[in-house]
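Each remark here refers to the structure printed beneath this line.
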Amino acid sequence: MLRILPRKKISNIPNGLMFRMARLTALQLYKYLPAKNCGECGETTCMAFAIQLLERKKKARDCPELTEKGLERLIEVITPPVRDIELGVGENAITVGGEEVMYRHELRFFSPTPFFIDVSDLMSEKEIKKRISFVEKFEIERIGVKLKLQGISIRCASNDPKKFRETVQKIKDNFSGTLILCSFNPDVLKAGVEVVRDRKPLLYAANMENWEHVLKIAREYDTPLVIYSNSIDELGTLVREISARDFNKIILDPGIEVGDSGLARTLNKLVMLRKSALNGVKELQYPLMCSTTAIWMNFNGKKGNPGEIENLADEEIVEELLRERMSGENPGNNSMNSDTDEMKFAYQESTIASILLDRFVSLLVFHSIDVWSILPLITLRQNIYTDPRVEPAVEAKIYEIGSPDENSPVFVTTNFALTYFNVSGDLESAKISCYLLVVDTEGLAATVSVAAEKITSSGVKTALKESNIENRVKHRKLIIPGVAARLKGDFEDATGWEIMVGPQDSSEISNFLKENW
Amino acid sequence: MNEQIKDLKKLLEKSDELEIENLEIEADELELNLTTQILAGAIKRKKRIEPFRFSPPSEEYKGRIVEVTLGATKADGGTRNNRFKIGGETSPPFYFFESRPVNRPVISQDVFDMPIPLPGHVRKYFPDVMDDPAEWAKLRVKKFNAEMLTLHMVSTDPLVKDTSVKEACKTIEDVLQAVKVPLIIGGSGNPKKDPELLSKAAEVCSGERVVLSTVDPDMDYKTVANAAIKHEHSLIPLISMNPDEMRRFNKNLMKVGVKVENLIMDLFTGGVGYGIEYSISAMERCRLAGLKGDKYLALPMASATSNAWSAREAWMRNEEWGPREWRGPLWESTTAIIALLSGADLFMMLHPFSIEIMNSVMDSLFVKDLTEEKDIKYPEWINV
């Protein structure tokens, strides 16, 4: 459904801030290819292969004609300034990092931040099963894409290798996805990785004290490795040590801090790390990860004091929120206090995670399993990692929903992909047979296109004419989005059709038709 | 013995590591010292990896974002109890290693001149005041600590209630009397009615340094601009997600005579899931251009964050998505935070809880001292 359009008109401002040319061109890459056009890689020419390399659709290894040296040279050239690290195996394999820019308008962000749900070996079996099933069942469709969670992160809170091994085994038996194993104790990591070596889990984490032991395990089991330190100097030093031993499957965790200026320092560090990576500081050219589980450190199940954000809300407001919550919409069965506290922590975790997502964190371990706290994050992730060169638009034309006839209603909407999917989804689930006239609004949503005047009477007139809908329905009634109400007169004058103002949101269409059609 | 030491020395010079097995040392002090020296040399060679020393990737920007003053106190010839400065940045948002944030952004809380359709879980925060904008404004200030208010004159739209400009101005006067915080006066979005409304509002609010929101190239913006100049107010030019057109429009406004320190750009804030990525990129491009010295874009930015409420994820009842009482405000505060990180300086917001959250986030970002925390607890997340 999505169409690739040329990049939007190039700005004459600001100097050097136009969509920056990609770091490489296909022509540059072509020089590193055998120029045999053998077709073994699945592309007809080496030039086509070079383009696919740039788009990250093919890997250097897909070219069978390269010599070992040649392959090495090619990999060196295409390795992005924030390296791409692979976790997991088979269809669950995830690429982390592989980023090229500070700002998405400069090119694009490539690898959507995977979300791992936090599990501890001290959680009850019931809780662990609940979390596994949450990850497996989680699926929210937006713009025709199914948004999911990427895996489970298992931490050893007991610091007991045996206990950890059992938990990892249990999760392995019930969950087929990608895993992270977390402990600073090498014995624990080893106990865990032995059980799931075939999954290629991510090992968390090496630090200044344990790195030699943890590196040994990562090498033995051929898994990627996280380095943790809150100091950038230490991160760089550890990378020097570890990469000097020919190990490069590294992800960096600079930590998040709570406390007075903790958030400011965290933000500052994340920006400096990305900028340094792009500036060519090779010790820091690795993707970043964080665990927002840290937010829950002050949560004791009943009463808590959210560390970073104090007084999350006026007590009165919370009470009010709670009363409504209790009064029927979503009855909770926990005690009032602990429930509110848990909500506050989930809110805070989501808030901090949104900041991390915006500021270059390439992998996230998340504790809360409240859908409402994850929903804005995975939506934001989809937004941020969208290719700015692809307009989120569907083709502007007439769509048939159900089996419409000459008496069926005709709805007008915009060609913003999300609007289209929402409206057509609502019409389908309400079992309404109708025509949906999608007008070209340059891919802008209904509200925006009214504000920006991208939905105009002449646009609607053209769309009507091109759709030939005149010959398919007997009536002359057009239902426009509620948010475009103020354009009713204009549309009537331009088209000569009777304009009916539809509901503010398409979920109300069914009721609207009952009353008005 | 000397020979043996020489041999050992030679051997050590070539090797990186020294492993001594089953060693018993029976020697006098002198010999031991010598041996230690050699060993130290060998160990030094093994640890030839230097510790990494980080230097922050700071950059200088030749531009500086203009400062805009909101509201006028008695000393400035107005009647507001407070005034704010926004803008003034010298580096991208929260690049602390380049510069400290200058002015804390301001949150202006929404008030409407008529009862507007709001989801029940939002409406209940404003019981009994939605028919009376002055009372609504008071509630915002007293109960929700509003530092600034936006009075949206939505009823003036001919397609809504077609409230006359005269009547609308009466409402504005009432609100000016009822509360003493700085104000934004918002139009209805009707391109024919807004110029008349906003220029009369400028007259009514003369001396108060209000912000007139919004003007765009497709309306008679010159009339509004002239009224703003005459009565010394600020203007919000609105261009949806297009830096080039924003620049052009700002230039035109300046040509008419609007001073640069009276402009706050609005590039339109799409909510999370509803085009926020375009807002991010438009704002980031404008801010970077301003910092690089483009004077037509070196302006503070406004975000009408309440737009987030048009997302069905914010208001719709949906069992699968969890309680909307939490989901709704989270949708708005997340949108606000992303706008903040993209450079916004002035926020128009709706839900008291989202406003609270935004304020707490800003509290933790606008700090004087960034010294490293000594007791880092983060690694303990494993034991939570």
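The values are calculated or read from the model by the stated rules, or taken from the named source; none is laboratory data. Computed from a prediction, not measured in an experiment: that's the story for all the values here. With ideal geometry, Cβ positions are generated from the backbone for all residues, glycine too; neighbour counts draw on all protein chains shown.
Output the residues belonging to the range B:349-371 that are facing another protein chain (nearest Cβ under 7 Å) and among the acidic types (Asp, Glu). Even if it seems obvious, please write down each step before you answer.
Our first condition is that a residue be facing another protein chain (nearest Cβ under 7 Å); within the range B:349-371, this holds for B:352-353, B:356-357, B:360-361, B:364-365, B:367, B:369-370.
Scanning the range B:349-371 gives B:Glu356, B:Asp369.
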- When the residues of the range A:211-232 are filtered to those that are touching a residue at least 40 places away in the same chain (Cβ under 8 Å) and not in a strand (DSSP E or B), which remaining residue is farthest from the other protein chains (Cβ to nearest Cβ)? A:Pro224
- Item | Of the criteria (1) among the acidic types (Asp, Glu); (2) under 33 Å from the mean Cα position of the chain (by Cα); (3) more than 18 Å from A:Val394 (Cβ to Cβ), which one A:Glu492 fails | (2)
- Task: Determine if the range B:284-303 includes at least one residue that is farther than 15 Å from B:Gly343 by Cα and more than 9 Å from every other protein chain (Cβ to nearest Cβ).
- Result: yes
- Message: Regarding the range A:199-210, can at least one residue be identified that is in a strand (DSSP E or B), hydroxyl-bearing (Ser, Thr, Tyr) and within 14 Å of chain B (Cβ to nearest Cβ)?
- Response: yes
- Task: Output the number of residues of the range B:314-330 satisfying the condition of being hydrophobic (A, V, I, L, M, F, W, C) and either more than 7 Å from every other protein chain (Cβ to nearest Cβ) or within 22 Å of B:Arg104 (Cα to Cα) (or both).
- Result: 3
- Task: Inspect the range B:60-75 for any residue being under 18 Å from the mean Cα position of the chain (by Cα), within 14 Å of another protein chain (Cβ to nearest Cβ) and crowded, with 17+ Cβ neighbours inside 10 Å and give the result as yes or no.
- Result: yes
- Answer yes if at least one residue in the range A:414-424 is under 24 Å from B:Ser155 (Cα atoms), among the hydrophobic types (A, V, I, L, M, F, W, C) and out of contact with any Phe, Trp or Tyr (no Cβ under 9 Å at 6 or more places or on another chain), and no otherwise. no
- Message: Quick test for you: out of A:Gln348, A:Gln382, pick the one residue that is over 14 Å from the mean Cα position of the chain (by Cα) and either facing chain B (nearest Cβ under 9 Å) or aromatic (Phe, Trp, Tyr) (or both).
- Response: A:Gln348
- Matching residues in the range A:369-388 - criterion: being aromatic (Phe, Trp, Tyr) and surrounded by fewer than 24 Cβ atoms within 10 Å (Cβ to Cβ): A:Tyr385
- Item | Qualifying positions in the range A:406-420 - more than 21 Å from B:Gly270 (Cα to Cα) and small (Gly, Ala, Ser) | A:Ser408
- Please state which one of B:Gly270, B:Gly293, B:Gly275 is among the small types (Gly, Ala, Ser) and out of contact with any helix residue (DSSP H, G or I) (no Cβ under 9 Å at 6 or more places or on another chain). B:Gly293
- Query: Can you find a residue in the range B:104-118 that is out of contact with any helix residue (DSSP H, G or I) (no Cβ under 6 Å at 6 or more places or on another chain), assigned to a helix (DSSP H, G or I) and of a type outside the set (Asp, Glu)?
  - Reply: no
- Task: Mind listing whichever residues of the range A:101-115 are in contact with a strand residue (DSSP E or B) (Cβ under 6 Å, 6 or more places away or on another chain) and either of a type in the set (Val, Ile, Thr) or not in a loop (DSSP other than H, G, I, E, B) (or both)?
- Result: A:Thr113, A:Phe115
- Query: Going by the structure shown, is B:Ala134 of a type in the set (Gly, Ala, Ser) and either under 27 Å from the mean Cα position of the chain (by Cα) or in a loop (DSSP other than H, G, I, E, B) (or both)?
  - Reply: no
- Message: When the residues of the range A:466-478 are narrowed to those that are without any contact (Cβ under 8 Å) to a residue 40 or more places away in the chain and in contact with a helix residue (DSSP H, G or I) (Cβ under 9 Å, 6 or more places away or on another chain), which ends up nearest to the other protein chains (Cβ to nearest Cβ)?
- Response: A:Arg476
- Message: Out of everything in the range A:237-271 that is touching a Ser or Thr at 6+ places or on another chain (Cβ under 9 Å) and under 17 Å from B:Ile49 (Cβ atoms), what residue ends up being nearest to the other protein chains (Cβ to nearest Cβ)?
- Response: A:Thr237
- Take the range A:167-194 and flag every residue that is farther than 15 Å from A:Ile152 by Cα and either in a helix (DSSP H, G or I) or not assigned by TED's automatic domain parsing to the domain that holds A:Lys216 (or both). A:Pro186, A:Asp187, A:Val188, A:Leu189, A:Lys190, A:Ala191, A:Glu194
- From the list B:Ala289, B:Ala308, pick out the single residue that is modelled with pLDDT of 95 or more and of a type in the set (A, V, I, L, M, F, W, C). B:Ala289
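Limited to the range B:239-265, what total is found for residues that are crowded, with 21+ Cβ neighbours inside 10 Å and within 14 Å of another protein chain (Cβ to nearest Cβ)? Spell out how you get there, then give the answer.
First, pick out the residues of the range B:239-265 that are crowded, with 21+ Cβ neighbours inside 10 Å: B:239-241, B:243, B:246-247, B:249-250, B:253, B:258, B:262-265.
Right, trim to within 14 Å of another protein chain (Cβ to nearest Cβ) and you get B:239-241, B:243, B:246-247, B:249-250, B:265.
Looking only at that region, the number is 9.
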- Message: Restricting to the range A:438-452, and then to whatever is surrounded by fewer than 22 Cβ atoms within 10 Å (Cβ to Cβ) and more than 9 Å from chain B (Cβ to nearest Cβ), can you tell me which residue is nearest to A:Val410 (Cα to Cα)?
- Response: A:Asp440
- Criterion: within 14 Å of another protein chain (Cβ to nearest Cβ) and surrounded by fewer than 19 Cβ atoms within 10 Å (Cβ to Cβ) - qualifying residue of A:Val89, A:Val145, A:Val77: A:Val145
- Task: Could you grab the pairs with beta carbons closer than 6 Å, sequence gap of 6+ or different chains, first residue in the range A:374-387 and modelled with pLDDT of 95 or more, second one surrounded by fewer than 20 Cβ atoms within 10 Å (Cβ to Cβ) and in a helix (DSSP H, G or I)?
- Result: A:Leu375/B:Trp321
- Item | Residue satisfying all of: in the range A:116-166; of a type in the set (Phe, Trp, Tyr) and part of a helix (DSSP H, G or I); farthest from A:Ser368 (Cα to Cα) among these | A:Phe164
